[in-house]
Amino acid sequence: MPGFARAMERLGTETAFEVLARAKQLEAQGRDIVHLEIGEPDFDTPGNIVEACKRALDEGYTHYGPSAGLPEFREVIASHIAADRDIDVGPQNVVVTPGGKPIMFYGMLAVLDPGDEALYPNPGFPIYESVINYIGAKPVPLVLRQENQFRLDLNELADKLSDKTRLLILNSPHNPTGGILPREDLRAIAEVLQDYPKVWVLSDEIYSKLLYESEHVSVTEFPGMVERTIILDGFSKTYAMTGWRLGYGVMPEKLAQHVTRLETNCNSCPPAMIQRAGIEALTGPQDAADAMREAFRKRRDHLVAGLNAVEGIDCLLPGGAFYVFPSIADLGKPAAEVARRLLDEAGVAALSGTAFGAHGEGHLRFSYANSIENLDKALERLAEFVPVLTGA
Ligand code: PLP
């Protein structure tokens, strides 16, 4: 067999999908598994959105469309983001993609050259580091720590910014920790960036509608930031639309043109009938999305209380997304081993903190996009498993 491109050695992956495959394998052998590994709502897409897609199919939205998205959809997204983030953007700033994820890939391809430095949260969504490496740029981790509520360490950020830095990735609410960057941190970040005019910001705001106690704040709120920021947002999490593949980026017009060209070269355009459903999602009733958020909040409270009742586990109450990232350092075992044995021996699928980067050691990530009943089952199993693991 002929060989592969060398760059493939630098491309990472998302372990959640591998753990899901292993969990499915165990289920095929007859094991009962509680799935707390994958980051997707367990709810169905709201009916009004499904109906809008069916209508679009009947109306003939089955053809190629503009690469950046249907004009009427870009208008709706621009109005939504302008109102929601209180910024001045229009349809020329919007690029629609199949899921929010391509905005990471296309966005980084458009602004990074080999050798450039890119700062990103670690632990963090694994695709950031993977794509930075793939491009041949240098990933510079910004370490998130539980004792700092998983906020960025602003001194570390100031230390690690350099003349080589071309990109800073922010993610709030954050996967995997559920942490939030408060307004004062974002203000400080915007201020320090004033000394680094060559730095782009990729602000991953995919969980912007999943905050439980506070309002979402975007870094674009601060002076000079709209001109250098790519906002990534989408429909997967807010509207339980993971399988539809619908997301978007909002960015300066010149960059939007580059990202659009990348889209033309790759997926041509997002599917038309799915975009019509997206219009309904943003302009139709929001009660289903609100109800899902309320369900997540209850589950979060339930899971955090349950985890803290287990000896050796220490869990913060996260402010957003649908993940918890408890410390398991007191269990005295590597997180990957704990996650593997938790699945194999106790039938609970969770992710090792190290699936989110080297600085995730000492943590597990649980998604609470699952029923209270299943969360209870997982907690019972965990309480039985921990003494076996530690030999207590
Ligand atoms: N950003 C973060 C932080 C995520 O956790 C995810 C999905 O897990 C995405 C982006 C991508 O979402 P999607 O491509 O499904 O819209």
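The table below gives the values:
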read-out: Probe 1.4 Å, accessible area per residue of segment 208-273, Å²; value: 38 Å²
read-out: For segment 249-279 versus segment 175-223, the gap between their alpha-carbon centres in whole angstrom; value: 23 Å
read-out: Dipole magnitude of segment 62-283 about its Cα centre (Cβ charges: Lys, Arg +1; Asp, Glu -1), debye to nearest 20; value: 640 debye
read-out: Residues of segment 83-118 with amide N under 19 Å of a point placed 7 Å along Cα→Cβ from LYS198; value: 108-118
read-out: Approximate spin-label separation ASP58-LYS164, in nm, with each point projected 7 Å along Cα-to-Cβ; value: 5.9 nm
read-out: THR45, THR13, THR165, reordered so the largest accessible area comes first (probe 1.4 Å); value: THR13, THR45, THR165
read-out: List ARG299, ARG341, ARG183, ordered by accessible area with a 1.4 Å probe, largest first; value: ARG183, ARG341, ARG299
read-out: Paramagnetic reach from ARG297 (point 7 Å along Cα→Cβ, amide N under 12 Å) across segment 183-211; value: 210-211
read-out: List GLU75, GLU9, GLU263, ordered by accessible area with a 1.4 Å probe, largest first; value: GLU9, GLU75, GLU263
read-out: Summed side-chain charge close to ARG300 - residues other than ARG300 whose Cβ falls under 12 Å, Lys, Arg +1, Asp, Glu -1; value: +1
read-out: Three-way shape call for segment 121-164 based on the alpha-carbon gyration tensor, with the a/c threshold at 1.5; value: oblate
read-out: Per-pair calculated FRET efficiency, R0 = 30 Å: CYS266 and ARG6 via Cβ, rounded to 0.05; value: 0.90
read-out: Accessible solvent surface per residue of segment 20-70, calculated while the other protein chains remain in place, 1.4 angstrom probe, Å²; value: 57 Å²
read-out: Mean residue ellipticity (222 nm) of the chain, computed from DSSP H runs ≥ 4 via -39,500 (n - 2.57), nearest 500; value: -13000 deg cm²/dmol
read-out: Potential extension, ALA82-ASP32 segment - 0.36 nm per residue separation minus Cα distance; value: 13.4 nm
read-out: The chain: proportion of alpha-carbon pairs further apart than 26 angstrom, %; value: 53 percent
read-out: Fully extended contour minus Cα-Cα distance, from GLU213 to GLU147, at 0.36 nm per residue; value: 21.8 nm
read-out: Extreme residue, positive dipole direction of the chain, given options ALA28, GLN149, ALA309 (C-beta unit charges); value: ALA28
read-out: Calculated diffusion of segment 62-283, Stokes-Einstein form, Kirkwood radius summed over Cα pairs, 37 °C and 0.692 mPa s, µm²/s; value: 189 µm²/s
read-out: Rounded percent of accessible protein surface that carbon and sulfur make up, the chain, 1.4 Å probe; value: 50 percent
read-out: Inter-label distance for GLU18 and GLU191, nm, one decimal - labels placed 7 Å from Cα along Cα-to-Cβ; value: 4.2 nm
read-out: Rg to Rh, two decimals, where segment 83-194 supplies the alpha carbon set and Rh follows Kirkwood; value: 0.96
read-out: Whole-angstrom gap from segment 319-335 to segment 96-167, using each part's C-alpha centre; value: 22 Å
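The values are calculated or read from the model by the stated rules, or taken from the named source; none is laboratory data. Remember, it's a predicted structure, so these values are computed and weren't measured experimentally. Here Cβ is always computed from backbone atoms with ideal geometry, including for glycine, and neighbour counts include all displayed protein chains. Side chains included, ligands, DNA and RNA excluded: accessible areas come from the protein's heavy atoms. Shrake-Rupley method; radii C 1.70, N 1.55, O 1.52, S 1.80 Å.
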